[in-house]
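Participant: Below you will find the structure I want to go over with you.
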Amino acid sequence: MSALVAEKAGVKPADVPRDLAGWLSCAADLRAKQADQAAERADIAMRRQVLALAAATGDGRAQKRVEQLAARVQALDLSAANVAAALEHAGTAIAAAEADLAREARIEALARHEKRRTERLALIATIEQRLQEMAPLLDALGHSTHDLVASHAGLGGAAAPLPPLAFEAVGGRLAEFMTGIGFAQWLPLARPEIRPPLASWLEAEAAAQESYAITL
């Protein structure tokens, strides 16, 4: 609200609102003032109607009172115009303040969105690194499995019709374990539905490896 508009509305420049809450309160006060003015205008109209006959027939006191009421109506008209202008200005200020708040909220939301994007890519980078670290470990597991099967055969161990340490069997148990810890949500892992997923790959491999034990 400009100083001129504030002055016409009966508001001191120092009292001009500084934020949305202040402008909303100001607008509410102005609307209340409009309501008061309307009520006073209706009261004046009723009084003038009561005095009209006496004033028209030459009653001096009635005529003077009618003139006073007419002067008050003129003052009300000026005050009402000022309040209306001030209320229009307050509406503009409220719209601008709400737009500023909406813009600030969007900026904050965009910042949070960008933070989520950055955090997701950082998480992907971590997962990628861990998977790359696992690749040589799986290669080492393959070599270890081959060496164990060979030494078992060399020590006279009997070969099973369905070797429990064949790559397919080991891979199947790994897939079952991965399914149980959430990988199935991301990868097309298959496992038998008639039993729960493996709780421990280590325990499953230890059980499978028992058939490769050699005694003296």
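The values are calculated or read from the model by the stated rules, or taken from the named source; none is laboratory data. All figures in this text were calculated on a predicted structure; none of them were measured in a lab. Counting neighbours? That spans all protein chains shown, and the Cβs are built from the backbone with ideal geometry, glycine included. Note: accessible area is taken over every heavy atom of the protein model, side chains too, but ligands, DNA and RNA are not part of it. Shrake-Rupley method; radii C 1.70, N 1.55, O 1.52, S 1.80 Å.
Participant: Using 1/(1 + (r/R0)^6) with R0 = 41 angstrom and r between the beta carbons of L187 and S25, what's the FRET efficiency to the nearest 0.05?
Facilitator: With a Förster radius of 41 Å, E is 0.10.
Participant: When the chain is fully extended, how far beyond the present Cα-Cα distance does K115 get from S211, taking 0.36 nm per residue of separation?
Facilitator: That works out to 29.3 nm of additional length.
Participant: What length, rounded to one decimal in nm, is gained on full extension from A38 through to R103, with 0.36 nm per residue of separation minus their alpha-carbon distance?
Facilitator: In short, 19.6 nm is gained.
Participant: Using only Cα atoms, find the angle between the long axis of helix 167-180 and the longest principal axis of the chain, and express it within 0 to 90 degrees, rounded to the nearest 10.
Facilitator: 30 degrees
Participant: Ignoring ligands, DNA and RNA, please state the percent of accessible area on the chain from carbon and sulfur, probe 1.4 Å.
Facilitator: Of the solvent-accessible surface of the chain, carbon and sulfur hold 61 percent.
Participant: Any idea of the accessible area per residue across the stretch 134-216, 1.4 Å probe, to the nearest Å²?
Facilitator: I get 72 Å² per residue for the stretch 134-216.
Participant: Taking 0.36 nm per residue of sequence separation and subtracting the Cα-Cα distance, how much length would be gained by fully extending the chain between L148 and Q132, in nm to one decimal?
Facilitator: Result: 3.2 nm gained on full extension.
Participant: On to the next question. Please give me the summed charge of the neighbours of A109: other residues whose Cβ is under 11 Å from its Cβ, Lys and Arg +1, Asp and Glu -1.
Facilitator: +2
Participant: Highest GNM mean-square fluctuation, the chain, Cα pairs closer than 10 Å: which of A102, A86, A54?
Facilitator: A54
Participant: Sticking with this one: Show that you can apply the helix-only estimate: for the chain, add -39,500 (n - 2.57) for every DSSP H stretch of four or more residues, divide by all residues, and state [θ] at 222 nm to the nearest 500.
Facilitator: -27000 deg cm²/dmol
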